1. List every residue pair whose Cβ atoms sit under 9 Å apart, with the two residues 6 or more apart in sequence or on different chains, where the first one lies in region 29-42 and is closer than 21 Å to Asp84 by Cβ and the second, anywhere, is among the small types (Gly, Ala, Ser) and assigned to a loop (DSSP other than H, G, I, E, B).
2. List pairs: first in region 115-136 and touching a residue at least 12 places away in the same chain (Cβ under 8 Å), second in a loop (DSSP other than H, G, I, E, B) and among the polar types (S, T, N, Q), Cβ under 6 Å, 6+ apart or cross-chain?
3. From (1) exposed (fewer than 15 other Cβ atoms within 10 Å of the Cβ); (2) under 15 Å from the mean Cα position of the chain (by Cα), pick out the condition that doesn't hold for Asp135.
4. Answer with yes or no whether Ala179 is free of Cβ contacts under 8 Å to residues at least 40 places away in the same chain and under 22 Å from the mean Cα position of the chain (by Cα).
5. Among the strands (runs of 3 or more DSSP E) contained in region 95-195, which hold 2 or more residues that are modelled with pLDDT under 95?
6. When you scan region 56-96, how many residues do you find that are under 18 Å from Asp170 (Cα atoms) and among the basic types (Lys, Arg)?
7. From (1) in contact (Cβ under 8 Å) with a residue 60 or more places away in the chain; (2) buried (at least 16 other Cβ atoms within 10 Å of the Cβ), pick out the condition that doesn't hold for Gly54.
8. Checking Gly42 against (1) surrounded by fewer than 17 Cβ atoms within 10 Å (Cβ to Cβ); (2) assigned to a strand (DSSP E or B), which test does it fail?
Amino acid sequence: MKKVLLFAIMAATTGIASAQVKFGVKAGLNLSNVSVSPAEAGVSYKIAPGFNAGFLANISLPGKFSLQPEVVYSGQGTKMTSPDGNGNINLGYVNVPVLLKYKTAMGFFVEAGPQAGFLLSAKAKSAGVTTDIKDSFKSTEIAGVFGLGYMSPLNIGVDARYNLGLSNLDKSSISTSTAKNGVIQIAVFYFFGGK
């Protein structure tokens with residue numbers, strides 16, 4: 001039994017060591033919102049545009065699978081309407097998704113995996129006044145990522161994703177409401193190197 005286990009470990013290590021790794025860059029559009037439950041009376045939240053940009057690696061796995069870790073800056077937030085006035089909440093994250101990808105022979109792929117987000121900034125803007133509200137938000141967030149896309153033979157690709165926030169953003173220990181991110185991302189990416 002020990003010999004079988006040792007052989008399996010050696011085979012897995014050899015497979016990872018010989019795996020093809022590609023590195024690339026990406027950038028694109030965010031359409032984000034914050035879902036608050038239960039919602040306050042008279043307050044509504046709407047989609048706000050933003051951008052994403054960062055670096056990615058793709059590690060080939062057996063078959064048509066690959067593992068893709070990324071480090072991406074993501075501008076998120078929401079447009080808020082209330083009886084007191086309208087404003088924007090702008091959140092800046094460094095997101096680190098680790099995605100399992102399945103790619104067809106034609107270049108189309110699906111992807112899914114977990115994502116950790118690290119809050120860099122949180123600001124509220126209303127009537128031309130910007131206020132730092134970072135202390136009201138938790139510094140980390142966990143999300144699930146689901147997407148699909150296309151990778152061309154020229155190492156240029158496009159993907160569309162939905163980042164489903166799983167953790168409560170609200171730092172307050174006395175609040176009875178929860179706030180979670182939801183982000184649609186559309187991005188173009190490029191891998192350096194050969195086909």
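The values are calculated or read from the model by the stated rules, or taken from the named source; none is laboratory data. Since this is a predicted model, take the numbers as computed values, not measurements. Cβ coordinates were reconstructed from backbone atoms using ideal geometry, including for glycine residues, and neighbour counts include every protein chain displayed.
1. Matching pairs, first to second residue: Val36/Ser177; Ser37/Ser177; Pro38/Ser177; Ala39/Ser177; Glu40/Ser177.
2. Cβ pairs passing all conditions: Leu119/Ser139.
3. (2) is the only condition that Asp135 fails.
4. No, not satisfied.
5. 108-126, 129-132, 178-191
6. Number satisfying all stated conditions: 1.
7. Of the numbered conditions (1) in contact (Cβ under 8 Å) with a residue 60 or more places away in the chain; (2) buried (at least 16 other Cβ atoms within 10 Å of the Cβ), the odd one out for Gly54 is (1).
8. For Gly42, the failing item is (2).
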